[in-house]
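I have placed the structure first, in the form of structure tokens, so that the comments after it can refer back to it.
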Amino acid sequence: MKKILVSGGAGYIGSHTVQALAEAGYGPVVLDSLITGHREAVGKDIPFYQGDITDEGLVSEIIKKESISAGIHFAARSLVGESVQKPDLYFEENTAKTNRFVNTLLQCGVNKIVFSSTAAAYGNPKEVPIPEESKTEPINPYGASKLMIEQSLYWLEQAYGLKWMALRYFNAAGAAWDGSLGEDHTPETHLIPLVLKTALEQREAISIFGTDYDTPDGTCIRDYIHVLDLAEAHIRALETLEQGVACGAYNVGTGTGYSVREVIAMAKGVTGIDMPILEAPRREGDPDILVAKVEKIQRVLSWQARYSDLETIIKTAWRWHQKHPHGYGK
Ligand code: UFG
């Protein structure tokens, strides 16, 4: 059984990927600081280590003890707004710490890594759908911190033969089929969980940030990708790296976008609850439309989104929120 070190495996996307790895016959081993992750999101039968990715002693001990053959690296800070307030935190926690983590992996003989990157690497899109070759000009420190990691992985490939893939996620959403795993962020800033929390009457209304965008209904359009599809993309990336296929960055999205109004309308349909809407001013830094070009990942990784129609995304997310109205362990 191939054992995979999953940093940030107790986080939202990490925990779904850990479960998918186990189901696919891999042996996931989780390393998570639990600063934003949840211990309850990782099955009791999965080896779990609490600690920081820069703890070289711990990371090398895990690699030896568990006979790790590759890494999937999720551990990161991921709040765009916070990154604008504290850019130093993001360059330290994301960029600098990843550099040290990958260095430890390489020193211990682990030379394959799948890295959790973001559509925020592109900044304001120059063309839609956005191809990977599009210019990367992040407009916030979060996107910049992740893009710098992609660049460092490229140079580590040239110097030391690192095999890497960076998956540029568009809008991760949805939850495990049985509602046992899902999204639990503090603070929560994402549209779909906030709409569903409004349906649960934990919030008075759902705000639409901006109704004057250059889109058919005036609200922002995003490419929502089911977290189970994202999890599968990581497994395909690992398998493809094993086969020695080209390293690089891959968009993970569907190629189809939905507006904020469409998301809210679907949530009303799925929940049967007519939650109040507040039309609010634009949120700073939101581009009109973000939709992935997905030809590269389909061609090279033979991966395609399977669960990412908006109804399935919202149904699974709703199941999670109903079962866990206050998230994990609360
Ligand atoms: N939105 C609302 N009301 C809310 C919350 C969000 O109208 O209460 C809107 C946003 O303005 C945006 C859309 O819903 O137009 C989606 O917003 P999210 O916060 O759910 O997601 P983002 O598109 O802002 O963020 C995603 C990822 C980030 C990544 C970013 C890149 O979650 O990690 O894309 O732009 F950095």
Exercise. Taking the chain as a Gaussian network, Cα atoms linked when under 10 Å apart, which of Ala205, Ala144, Ala166 shows the biggest mean-square fluctuation?
Worked result: Ala205
Exercise. Which residue, Val260, Val245, Val114, has the most motion in a Gaussian network model of the chain that connects Cα atoms within less than 10 Å?
Worked result: Val245
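Using a 1.4 angstrom probe on the protein heavy atoms only, line up Lys112, Lys64, Lys44 by accessible area, largest first.
Details: Lys112 40, Lys64 155, Lys44 185 Å².
Putting Lys112, Lys64, Lys44 in descending order of accessible area: Lys44, Lys64, Lys112.
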Exercise. Which residue, Glu284, Glu66, Glu93, tops the fluctuation ranking in a GNM of the chain built on C-alpha contacts under 10 Å?
Worked result: Glu284
Exercise. If you take the square roots of the eigenvalues of the alpha-carbon gyration tensor of the range 40-108 and sort them as a ≥ b ≥ c, do you get rounded (a/c under 1.5), prolate (a/b over b/c) or oblate?
Worked result: oblate
Exercise. Under 5 Å between amide H atoms, partner at least 5 residues away or on a different chain: which partners does Ile208 have, H built in plane at 1.01 Å?
Worked result: Leu278, Glu279, Ala280
Problem set entry | Area accessible to solvent at Glu150, 1.4 Å probe radius, in Å² | 10
Problem set entry | Tilt relative to the chain, helix 310-323 - C-alpha long axis, 0 to 90 degrees, to 10 | 80
Problem set entry | Crossing angle, helix 12-23 versus the chain [Cα axis fit, 0-90 degrees, rounded to tens] | 60
Exercise. Just from its helices, what would the mean residue ellipticity at 222 nm be for the chain, if runs of 4 or more DSSP H residues each count -39500 (n - 2.57) and the sum is divided by every residue, rounded to the nearest 500 deg cm²/dmol?
Worked result: -11000 deg cm²/dmol
For this session: Largest first and to the nearest Å, give the Cα extent of the chain along each principal axis.
Result: 54, 42, 38
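Just by accessible area at a 1.4 angstrom probe, what is the order of Val300, Val128 from largest to smallest?
Greatest to least solvent exposure: Val128, Val300.
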For this session: Rounded to whole Hz and in sequence order, give me ³J(HN,Hα) for the range 156-173 from the Karplus expression 6.51 cos²θ - 1.76 cosθ + 1.60, θ = phi - 60°, writing x for Gly and Pro.
Result: 5, 5, 4, 7, 10, x, 4, 9, 9, 9, 10, 9, 8, 6, 8, 8, 5, 7
Exercise. Once the Cα atoms of helix 97-107 and of the chain are each reduced to a long axis, what angle between those two axes, in degrees from 0 to 90 to the nearest 10, is obtained?
Worked result: 30
Seminar exercise, completed: Between the alpha carbon centres of the range 111-132 and the range 145-185 the gap in Å comes to 10
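What is the count of Lys pairs in the range 1-142 whose alpha carbons sit under 13 Å apart, if the two are 8 or more places apart or on different chains? Kindly include the intermediate steps, with their values, before the conclusion.
On the way: Lys2/Lys112; Lys3/Lys64; Lys3/Lys65; Lys3/Lys112; Lys126/Lys135.
Summing the qualifying lysine pairs gives 5.
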For this session: At 1.4 Å probe size, with no ligands or nucleic acids counted, give the accessible surface of Ser78 in Å², nearest ten.
Result: 60
For this session: Can you work out the accessible area per residue across the chain, with the rest of the protein chains kept in place, probe 1.4 Å, in square angstrom?
Result: 43
Problem set entry | Lysine pairs meeting the criterion (Cα under 21 Å, 8 or more apart or interchain), as found in the range 197-330 | 7
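The values are calculated or read from the model by the stated rules, or taken from the named source; none is laboratory data. Remember, it's a predicted structure, so these values are computed and weren't measured experimentally. All accessible areas refer to the heavy atoms of the entire protein, side chains included, with ligands and DNA or RNA removed. Shrake-Rupley method; radii C 1.70, N 1.55, O 1.52, S 1.80 Å.
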